[in-house]
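The values are calculated or read from the model by the stated rules, or taken from the named source; none is laboratory data. Quick caveat, the model's predicted, so the values are computed rather than measured. Cβ sites come from the backbone with ideal geometry, for glycine too, and all protein chains shown count toward neighbours.
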Amino acid sequence: MDKREKELNRAERFLGKVFVLGESRYDKNNIAELLVAYRSYDDPEDSEMSVIIDYIAKNRLKTGGNERDFTYRRNYLYKYIREVHGLTYRAIGELFGGKNHATVMHGINLHDTLVDIKDPVYASTINKMKERFKL
């Protein structure tokens, strides 16, 4: 099965869940909102996103505070999800408990800056994450 067929199957599962099973809070006419929901859709067959979602929950990255450790790990995952999975800033924010798209953009910019200047604290904080989620 090629990439296009996989994506079509995923879309069918999403639409079946949203409209056929009646779990929708989305209006068929609001394409932008539906697209955001689709981008953040937790497809049971998409194991990598399930691993990421589990990691976020287990490490309290949704509700964790603004301490450097939480912030740095969130920033790394923002960048990873954006680069590897291509989710929108808004969809990434939803994965982290409703963070604003600007927060996600700022986190990605901060990640890029800290990597560019080779910040030792940032590097040590995300070192284990880099093994699990490679950029």
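Regarding Asn66, is this residue polar (S, T, N, Q) and at pLDDT below 90?
yes
Of all residues in the stretch 87-105, which are in contact with a Gly (Cβ under 6 Å, 6 or more places away or on another chain) and among the β-branched types (Val, Ile, Thr)?
Selection gives Val104 alone.
Residues of the stretch 3-17 being exposed (fewer than 12 other Cβ atoms within 10 Å of the Cβ) and at pLDDT below 70, which ones?
Across the stretch 3-17, the qualifying residue is only Gly16.
Mind telling me which of the residues His106, His111, His85, His101 ends up being in contact with an Asp or Glu (Cβ under 9 Å, 6 or more places away or on another chain) and outside the structural domain of Glu33 (by TED's automatic domain parsing)?
On the way: His106 fails: in contact with an Asp or Glu (Cβ under 9 Å, 6 or more places away or on another chain); His111 fails: in contact with an Asp or Glu (Cβ under 9 Å, 6 or more places away or on another chain); His101 fails: in contact with an Asp or Glu (Cβ under 9 Å, 6 or more places away or on another chain).
None of the others qualify; the one that does is His85.
Restricting attention to the stretch 70-91, and to residues there that are under 17 Å from Glu131 (Cβ atoms) and surrounded by fewer than 16 Cβ atoms within 10 Å (Cβ to Cβ), which single residue is modelled with the highest pLDDT?
The residue in question is Glu83.
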